[in-house]
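Enquirer: To start, I am sharing the structure in question, which I have written as structure tokens.
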Amino acid sequence: MKIFNKIKYAVAISAMAVLTANATKVDEAIEKSFYPYKNGFPNVENIKPGLVITKDNVDIAKDVLDPEMIQHIKDGWVEITVDKSTDFILNNSYIEATKNNVGKVKLPEEKGNLQGGYIAGRPFPEEPQLDDPRAGEKLAWNFQFGYNWGDGAAIDPFYWRYRNMNSNKVERELKFDFHFLNWAHRVNHEPLPEINPNPSELFRSIYVHVEEPYDVKNTQLLIHRYQNDLKRDNAWLYLGFQRRVRRLATGQVTDSFLGSDLMIEDFEGYNGRISDMNWKYLGTKSMLLPFYNHNEQALTDEFKEKDGYKFVDFHGKGGCFPNVTYQLRKVYVLESSPIDSNHPISKRRHFVDAQTFTLPRTIIYDRAGKYWKSWMIGQAHPDHHLAINKGSGVSIDDSFGMMDVQAMHCTTGQFKGIVDPDLNEPKMFNVQYMRTSGK
Amino acid sequence: MKVRLHYFKNISVFKKKTALLGGALLLASTSSYANEPADISGFIENATSVREDRGLSKFRNTLQLEYSKNIGNFAGFNDVSINGTFRASYDGVYDLNDDEFGAKAGRAINIEDQNFGSVPHGQGLGSTNPDSPYFGAPLPPGHVLGVNITNNPNSGMIVLGENLHATNGGVAFGVPVRPCDVDSRGCINGYMDKTENELRFSEFNDNLDFIRELYMDASMDLDSGTLFNLKVGKQQIVWGRTDLFRVLDIINPVDFSRNNIYDELEDIRIPLWSIAAEWQYGANETFDDINLQLVWVFDEFRPNNLGQGGEPNAILDAGSFFRGFNNCWENGCTVANFAGGAAATDFGPGQIGIRHANVPSWSVDNTSYGFKIEGVYQDIGFSVNAFSYLSQLPSLRGGIEATNSFTGEKDVWPYLIAFDIEFPRINMFGGSLDFYSESIDSAFRVESAYTTGEEFANTLKPRLFSESDVFRWVLGVDKNIFIRSINANKAFLVSFQTFGQHILDHELEQSIGSDVGLPSFGFVGMPDWKDNYISTLLFKGWWLNDSLSPQILTAYDWRAKSGVIAPSIDWIKGNFRFTLTANIKFGDGAKEFSDCRTCNPFNPFTATPFHTAEGGASFDAGLGGFEPLGRFRAGPIGMANKESELQVTFRYSF
């Protein structure tokens, strides 16, 4: 009997040890996922703060920039200034949600929803493995359920410029306000984790309002994404000159949005369902990405704001490149290719920032597989931006440049991102709001 | 300045009160609450059109200013704003092509006569002019035939329908076409009586239409979580989900004189002083979104502007018919092929025609009101609508007292073509849906409405009209299609719509004349089709970052067998916008229907053998032609069959 008890205790102790070891492993994975620079920032030979990468020295950066950007620098389209790397630690509530829910979800057998009842946080904090055929999908889910704009935020104003890269002329300027709201999987602002009632089980909504110019003034766009990833987004467009809301056919999310070089699907790097793409993880690298402190950049005061806020400036070929500093970041290289054979692109190559799971750099290839578009989204640290953003733990989308290198045309975006739930009340994200506020 | 003083002098007390309300709104926007700067934008535009056979038909120059100012929180409301749209335009067509559309338009006309080919206006049967071929023709003693040629001279006129069709054995009469201050004949007081300046400067009228919109918009967060929104002032209130067709979009009347049916409704709705109160409940356990809107239009009644006789754009050419026919009533007129279906006949004043328009004056009973419940259920957007309003289209009601042309006796004569224009109350119940079909990657839009109280011409009725319930619907489908060989990166929009109308109490029958095979005798009853369908197809593409957008818009009226195809190209460069459109009509054009020449209102003088055989009863035996009722069969597209145009618009926005 004594022997039996000894064996029992030994098994129990062993099991506890395994569990503890596993728990430690998971904790370490989460720690590594959110604090990848705890033991130091990436160190790459010759890539130091203050370095200006030009066509004359670009070869030293061939391992830390994508080939397309290398070519642009070689062609003299842009020069990149390197600054020191900084920590972009996401909001603690999101990290805590990750800890509380880790291991509860897994990928579906095929395309579809996460199994196990996803609540909040980063669903797959573990390091991706090249031998995991579904690692890409996990990264995509981490982006989809990323902290992105937090539970909700606004970009107001948001200036877009359409530029001719050959003539260097700005052809058109649009002034927007954008609003984002997470209906579910919320971690920070009450109610948590979901806004109720939510009868259609929405996950996230984006509301866009055009303020200028006159011919598209009062155009509004509303996108509803559902918690069910197999359900198509619903999108509505309010046309000011018609005073009507039109339901959009899905095809229109892969069309040029208001004549820009972006499609709706490009918003935030990728704005669509995970199940619309095949995802492939291609490896982990240290790369230069446009992460910076907004207040320390060469800003422009061409747009006047009452609070004195200044916007990121642009430079380079056609004025298509955000004039911001880059820093070395840990990056997951992720490729997405559309399942729909009629999709206008063949693939996107995303350079996913491992700490924030934002998509600051994406290369887009046309249906023939040729390089088509260069997508840059500058990420600003929230503690060096508007005062209201300080401590928000949101990596703030702060500038963008989308270059169509085939048409030699680009669209640039200058943001005033504001992480303030009061600017993104649920009432804004319904169809009737568009009608009421339209005109 | 002279113009402005004139208009302010003539505006009604109600309009003055509403203008004061507008002034108060503007004043509020400059109050101490108004710390935010005003948002002012707008455009200047020139729209020029050239029409086949007529030359310049539009040279309209427009300045439009849009004003919006937030005045913060006020009286418990949040985000209170004052919004205004002000529009001033000058159409130079009345100066540059004044012999077609202005003070020199029209001429001396001849009226078709089966006996003599034609006779000059005022020289038909009953004329006392020795030059008339009918001079001295035997007529009943005591007859009062004869045009008052002093008041109604043969000048400044066209023959009704001449721009679309020959008289061709039907009826016709002269239509004065000069502005009403130049020639007041046929101008219907308070309805179709625009002066030359009112035509030139269409917003500067008794209704102060240069204030296109001026309203307060305010919201209040209620304790229940509901958002309450209130809009008060002169405004457009838009219902429905379809383009071009007005099944639910009926709150504001429409100005068809601007460009017939082809301008955006946004530009041709006639804004009205009204209140729209909306409770936005948001999501609940069942609906993703649910809202209730109550609407009260407290403005003076305003009908659709159909365009008056002599204007370049007059939908259905109704304005010409009304003007010519009012002139008949006021002064008498020569009617083609009338007596015996052959003789151009000079009717005297007060015998046939349109006596006047009873445009309802302001009273609470004459205001309009309704509600809309709108929401989203799962993936379906929906609305339920109800609205009670006065008809924006005129109804011609016979049965008025008139003079017997052959005896001089005054009485109410059944089946006599003598009318007053009325605007009856209509009740509309309807709804709409929109949804997306993933399987065919298309968005669908549906609208339907059931109305009671509408009135239609009906030659089977003694007063020549009858009431009917009407069911209307529109089905629209939008699909984006890639044609990569001509545009690799941007899909084309294909939008197809079909509008249907079913008149429930429709009456139509073969006439007694057609039963025995008489030529030119056909159907009698209601000229409107019992069931009719109009389809539209839009094919639109975009190039050069949407700055260049060609499109082809087509519309086809299936029963009228008439259509229009309008290819256009739109080019935006900075603040400039250039649009070139060809508006090409095709198809049958004019249609025929009974014209009530053989209705025998003045028995026995107007009796045919059919009527005599029935003891001298009055009824429509069925002789017809293009005018006047064929227009209801030809529809707005068919009636504009000879109005193909080339249209150019330049706009500078700021």
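Only the coordinates and a few stated rules stand behind these numbers; no lab work does. All values derive from a computational prediction rather than experimental measurement. Cβ sites come from the backbone with ideal geometry, for glycine too, and all protein chains shown count toward neighbours.
Enquirer: As a quick test, which of the pairs B:Lys58/B:Lys104; A:Lys62/A:Lys370; B:Lys231/B:Lys479 have an alpha carbon distance above 25 angstrom in this structure? Before the final figure, lay out the partial values.
Expert: Values: B:Lys58/B:Lys104 16 Å; A:Lys62/A:Lys370 20 Å; B:Lys231/B:Lys479 34 Å.
Listed pairs above 25 Å: B:Lys231/B:Lys479.
Enquirer: Please get the size of the charge dipole for region A:43-157, origin at its Cα centre, with Cβ charges of +1 on Lys and Arg and -1 on Asp and Glu, quoted in debye to the nearest 20. Working shown, then result.
Expert: Working: 12 positive and 20 negative charges, 73 e Å.
Once rounded to the nearest 20, the dipole reads 360 debye.
Enquirer: Per DSSP H run of n ≥ 4, the term is -39500 (n - 2.57); total these for chain A, divide by its residue number, and report the mean residue ellipticity at 222 nm rounded to 500 deg cm²/dmol. Provide the component values of the computation, followed by the final result.
Expert: On the way: 5 runs with 69 residues, N = 439.
It lands at -5000 deg cm²/dmol.
Enquirer: So for the pair A:Asp75, A:Val52, with labels modelled 7 Å out along Cα→Cβ, what separation do we get in nm?
Expert: It is 2.2 nm.
Enquirer: Among B:Asp79, B:Asp193, B:Asp595, which comes first, second and so on when ranked by fewest other beta-carbon atoms within 10 Å?
Expert: On the way: B:Asp79 15, B:Asp193 19, B:Asp595 28.
With the sparsest Cβ surroundings first, the list reads B:Asp79, B:Asp193, B:Asp595.
Enquirer: Most exposed first by the Cβ proxy, i.e. fewest other Cβ within 10 Å, how do B:Glu401, B:Glu627, B:Glu278 rank? Mind showing how you got there, number by number?
Expert: Numbers: B:Glu401 12, B:Glu627 29, B:Glu278 21.
Least crowded to most crowded, the residues run B:Glu401, B:Glu278, B:Glu627.
Enquirer: If you scale each eigenvalue of the Cα gyration tensor by 5 and take the root, what three semi-axes come out for region B:148-260, rounded to whole angstrom and sorted largest first?
Expert: Details: eigenvalues 383, 75, 20 Å².
Its equivalent ellipsoid spans semi-axes of 44, 19, 10 Å.
Enquirer: Can you give me the relative contact order of region B:594-653 as a percent, contacts being Cα pairs under 8 Å and 6 or more apart? It would help to have the intermediate numbers written out before the result.
Expert: On the way: 62 pairs, mean separation 19.2, N = 60.
That works out to 32 percent.
Enquirer: Please state the relative contact order of region B:427-573 as a whole percent: Cα pairs under 8 Å, 6+ residues apart?
Expert: Values: 329 pairs, mean separation 24.4, N = 147.
Worked out over region B:427-573, it gives 17 percent.
Enquirer: Let me ask something else about it. Can you sort B:Ser57, B:Ser439 so the residue with the fewest Cβ neighbours within 10 Å comes first?
Expert: Lowest to highest Cβ neighbour count: B:Ser439, B:Ser57.
Enquirer: Please pull out the direction-averaged projected area of the protein assembly as shown, using the convex hull of its alpha-carbon atoms, in nm² to one decimal place.
Expert: Values: hull surface 210.5 nm².
Dividing the Cα hull surface by four gives the mean projection, 52.6 nm².
Enquirer: Magnitude of the Cβ-charge dipole of region B:457-574, K/R +1 and D/E -1, about the Cα centre, nearest 20 debye? Before the final figure, lay out the partial values.
Expert: Values: 11 positive and 12 negative charges, 137 e Å.
About 660 debye.
Enquirer: Label-point separation (nm) for B:Ser485 and B:Thr407, each offset 7 Å from Cα along Cα-to-Cβ?
Expert: That separation, rounded to one decimal, is 7.6 nm.
Enquirer: Another question about this same structure. Taking the Cα centre of chain B as the origin, how large is its charge dipole in debye, to the nearest 20, when only Lys and Arg (+1) and Asp and Glu (-1) carry charge on their Cβ atoms? Intermediate values should be presented prior to the final figure.
Expert: On the way: 52 positive and 79 negative charges, 245 e Å.
Magnitude of the dipole: close to 1180 debye.
Enquirer: I would also like to ask the following. If you take every DSSP beta bridge fully contained in chain A, what fraction is antiparallel? Give it as a percent rounded to 5.
Expert: Details: 95 of 98 bridges.
Of those bridges, close to 95 percent are antiparallel.
Enquirer: Let me ask something else about it. Per-residue mean of other chain beta-carbon atoms within 10 angstrom of the beta-carbon, peptide B:284-293?
Expert: On the way: counts 3, 4, 2, 4, 10, 8, 2, 6, 0, 3.
Per-residue shielding by partner chains comes out at 4.
Enquirer: Multiplying the sequence separation of B:Glu614 and B:Asp181 by 0.36 nm and subtracting their Cα-Cα distance, what value in nm do you get?
Expert: Details: separation 433, 0.36 × 433 = 155.88 nm, distance 4.78 nm.
Contour length minus the Cα-Cα distance gives 151.1 nm.
Enquirer: A further question on this structure: State which entries of A:Lys347/A:Lys416; A:Lys32/A:Lys99; A:Lys25/A:Lys138 exceed 21 angstrom in Cα-Cα distance in the structure shown. Don't jump to the answer; show the numbers that get you there.
Expert: Details: A:Lys347/A:Lys416 30 Å; A:Lys32/A:Lys99 12 Å; A:Lys25/A:Lys138 18 Å.
Going by Cα-Cα distance, A:Lys347/A:Lys416 fall outside the 21 Å limit.
Enquirer: Then there's this: May I ask for the Kirkwood hydrodynamic radius of region A:152-438, worked out over all distinct Cα pairs and given in angstroms to one decimal?
Expert: It is 19.5 Å.
Enquirer: Estimate the FRET efficiency between A:Asp132 and A:Gln406 by the formula 1/(1 + (r/R0)^6), using the beta-carbon distance for r and 51 Å for R0, to the nearest 0.05. Mind dumping the intermediate values first?
Expert: Details: r = 35 Å, r/R0 = 0.68.
With R0 = 51 Å, the Cβ-Cβ based efficiency is 0.90.
Enquirer: Find the relative contact order for chain B and round it to a whole percent, using C-alpha pairs within less than 8 Å whose residues are 6+ positions apart.
Expert: 12
Enquirer: Helix-only mean residue ellipticity at 222 nm, chain B, DSSP H runs n ≥ 4 weighted -39,500 (n - 2.57), per residue, nearest 500. What is it? It would help to have the intermediate numbers written out before the result.
Expert: Working: 10 runs with 74 residues, N = 654.
The helix-only estimate for chain B comes to -3000 deg cm²/dmol at 222 nm.
Enquirer: Right, next: Report the FRET efficiency, 1/(1 + (r/R0)^6), for A:Lys104 and B:Ser437, where r is their Cβ-Cβ distance and R0 is 25 Å, rounded to 0.05. Please list the in-between numbers first.
Expert: Numbers: r = 36 Å, r/R0 = 1.42.
Between A:Lys104 and B:Ser437 the formula returns 0.10.
Enquirer: Here is a follow-up. Take B:Leu222 and B:Asn168, extend 7 Å from each Cα along the Cα→Cβ direction, and tell me the distance between the two endpoints in nm.
Expert: Between B:Leu222 and B:Asn168, the label points sit 5.9 nm apart.
Enquirer: Students often forget the sequence filter, so: which aspartates and glutamates lie under 13 Å Cα-Cα from A:Lys427 once same-chain residues fewer than 8 apart are removed?
Expert: Result set, ordered by chain and number: B:Asp221, B:Asp288, B:Asp289.
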